[in-house]
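Data block below; observations after.
Every number in this text was worked out from the coordinates using simple rules, so none of it is lab data. Because the structure is predicted, anything quoted here is derived from the model rather than measured. A quick note on method: Cβ atoms are made from the backbone with ideal geometry, for glycine too, and the neighbour counts reach across all protein chains shown.
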Amino acid sequence: MPRSDKPQVSIVLGSDSDLPAMQEATEILNDFAVDYEVRIISAHRSPALAHQYACTLEERGVEVVIAAAGGAAHLAGVVASFTPLPVIGVPIATALAGGLDSLLAMVQMPSGVPVATVAAGKSGPKNAALLAVQILGVKLPAMRKKISDYKAALARKIEDKDKQFRG
């Protein structure tokens, strides 16, 4: 795993119960050789730690944050309020509303505190990691090339399936 003391991406989870849902995000970051860290910090149960974490991201060299939480899901917004870095919210599905509650908590941010938010459910963690790679690609041509190659491979895969389907 390319975890690092100098992470490019920080994945922060509201609870350790979010770890299984976020596994695909770490796999994508591994595939793209992105250095990352994983932290468990609650916006509600450890607010002082959340504040300290968010305020030190930039000085530690982090460039993108992926924040995953369920239910009230304020973690992404709290982090975004304390850092100039891009924050990608991943709404984690809950038993109560299947992730709709988490999604609404993330997308209804007040003006001036944006959180890019991906889908609740299976595609969310993967898309969050891919979006983080694309953001890194703005300044890293090698990363931009990797994401271009990834998208080209996706297109080829669909074209191959289409050919098989048509016979």
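For the chain, what is the calculated [θ] at 222 nm in deg cm²/dmol (nearest 500), taking -39500 (n - 2.57) for each run of four or more DSSP H residues and dividing by its residue count?
-14500 deg cm²/dmol
Over what distance in Å are the Cα centres of segment 17-84 and segment 121-157 separated?
19 Å
Filter the trypsin sites (Lys or Arg not before Pro) in segment 1-67 to those in DSSP coil with at most 13 other Cβ atoms within 10 Å of their Cβ, and list the result.
The qualifying sites are 45.
Find the lysine pairs in the chain meeting two conditions, Cα atoms under 23 Å apart and a separation of 8 or more places or different chains, and report how many there are.
Lysine pairs satisfying the spacing and distance rule in the chain number 20.
Please identify, among 36, 150, 53, the residue showing maximal mean-square fluctuation in a Gaussian network model of the chain using a 10 angstrom Cα cutoff.
150
Report the gain in length on full extension from residue 156 to residue 31: 0.36 nm times residue separation, minus Cα-Cα distance, nm rounded to one decimal.
That works out to 43.1 nm of additional length.
Is there a quick way to get the dipole size of segment 9-140? I mean about its Cα centre, with the Cβ of Lys and Arg at +1 and of Asp and Glu at -1; what is the value in debye to the nearest 20?
220 debye
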